[in-house]
Structures are given as C-alpha cells and as structure tokens.
Amino acid sequence: QVQLVESGGGLVQPGGSLRLSCAPSGRRFGITTMGWYRQAPGKQREFVATITTDSRANYADSVKERFTISRDNRKNTVYLQMNSLKPEDTAVYFCRVDIWDIPYWGQGTQVAVSS
C-alpha cells in the first residue's frame, strides 16, 4: 500500500513563506506527475501546481509568481515553496503522486496564514 508522507505546514504571517514536502513511503518506481492541491474551509479541493518527470511545471493563476514546485527524482520527493503568502492561501494542502498512472493522495497538511 502506498502512503504519502507530507510535512512543512504551519501557521505563518501574511507575506511569510513555507515549504511543503511529500514523498511516498518505501522505494517506488513508476512515479510520473507529482503535484499539490488545496482545500479551504467550505470549498472544493482545487489545483495548485503539478510537475512532470522532466520538471515541466504548471500553476494555478492564483499562485503564479509566488509558489514554486520542484522535485527530487532520486528521493521521489516533491516540494512546494510558498512565498508571499496571503490569508486566502489558508487551506489544507494535499500532495498527489501518480504511480503507474494511478493517483495517490497524502493525508493533507494544514497551512494557515494569519496575523
């Protein structure tokens, strides 16, 4: 069974930064697209960013120029560097990793942006 281990969430003031990371448990092969989604209270889960095996990144308009997704293929780890955080970025952030074209989701990590 594949489990995704996420870390890096927390409470930060507006304008601050956080870095999320996520990796599947155990040694995994066949990992393709990796990405991040988020769900704010009372809202549906939404796309944040994805990155392909050759590091082509795609971002939601709301996070462009502020968030950067990256991956370390040797460690099977995906990162989300979040800068210039805004209160509207407050949400539970979920990692998604496609393994042999099957999507797996992390348990979510809370990000709260508040003064």
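The values are calculated or read from the model by the stated rules, or taken from the named source; none is laboratory data. Remember, it's a predicted structure, so these values are computed and weren't measured experimentally. So basically every Cβ, Gly included, is an ideal-geometry build from the backbone, and we count neighbours across all protein chains shown. With ligands, DNA and RNA removed, areas are computed over all heavy atoms of the protein, side chains included. Shrake-Rupley method; radii C 1.70, N 1.55, O 1.52, S 1.80 Å.
Determine, yes or no, whether residue 20 is touching an Asp or Glu at 6+ places or on another chain (Cβ under 9 Å) and part of a strand (DSSP E or B). Let's see the steps before the verdict.
Values: touching an Asp or Glu at 6+ places or on another chain (Cβ under 9 Å): yes; part of a strand (DSSP E or B): yes.
Here the answer is yes, as residue 20 does meet what is asked.
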Checklist entry - Inside region 17-33, can you point out the residues that are open to solvent by less than 50 Å² (accessible area, probe 1.4 Å) and modelled with pLDDT of 95 or more? => result 18, 20, 21, 22, 33
Next on the checklist: If I filter region 41-49 for residues that are outside any loop (DSSP other than H, G, I, E, B), out of contact with any Phe, Trp or Tyr (no Cβ under 9 Å at 6 or more places or on another chain) and over 13 Å from residue 8 (Cβ atoms), do I get at least one hit?
Outcome noted: no
Next on the checklist: I'd like the full set of residues that are surrounded by fewer than 13 Cβ atoms within 10 Å (Cβ to Cβ), farther than 22 Å from residue 15 by Cα and either among the small types (Gly, Ala, Ser) or touching a residue at least 60 places away in the same chain (Cβ under 8 Å) (or both), limited to region 70-115.
Outcome noted: 100, 101, 107
Checklist entry - Is one or more of the residues making up region 22-32 in contact with a Lys or Arg (Cβ under 8 Å, 6 or more places away or on another chain) and within 19 Å of residue 107 (Cβ to Cβ)? => result yes
Next on the checklist: If I ask for residues that are in a loop (DSSP other than H, G, I, E, B), touching a Ser or Thr at 6+ places or on another chain (Cβ under 8 Å) and at negative phi, which ones from region 50-79 would you list?
Outcome noted: 52, 53, 66, 73
Item to check | Options 91, 49, 40: the member that is over 12 Å from the mean Cα position of the chain (by Cα) and modelled with pLDDT of 95 or more | outcome: 40
Checklist entry - Is it true that some residue in region 63-77 is aliphatic (A, V, I, L, M) and under 22 Å from residue 31 (Cβ atoms)? => result yes
Checklist entry - Would you pick out the residues in region 44-69 that are hydroxyl-bearing (Ser, Thr, Tyr), over 17 Å from residue 22 (Cα atoms) and loosely packed, with under 15 Cβ neighbours inside 10 Å? => result 62
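Let's see how each residue does on (1) under 14 Å from residue 111 (Cβ atoms); (2) in contact (Cβ under 8 Å) with a residue 40 or more places away in the chain; (3) more than 14 Å from the chain's Cα centre (by Cα):
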{"residue": "6", "(1), (2), (3)": "yes, yes, no"}
{"residue": "13", "(1), (2), (3)": "yes, yes, yes"}
{"residue": "20", "(1), (2), (3)": "yes, yes, no"}
{"residue": "53", "(1), (2), (3)": "no, no, yes"}
{"residue": "57", "(1), (2), (3)": "no, no, no"}
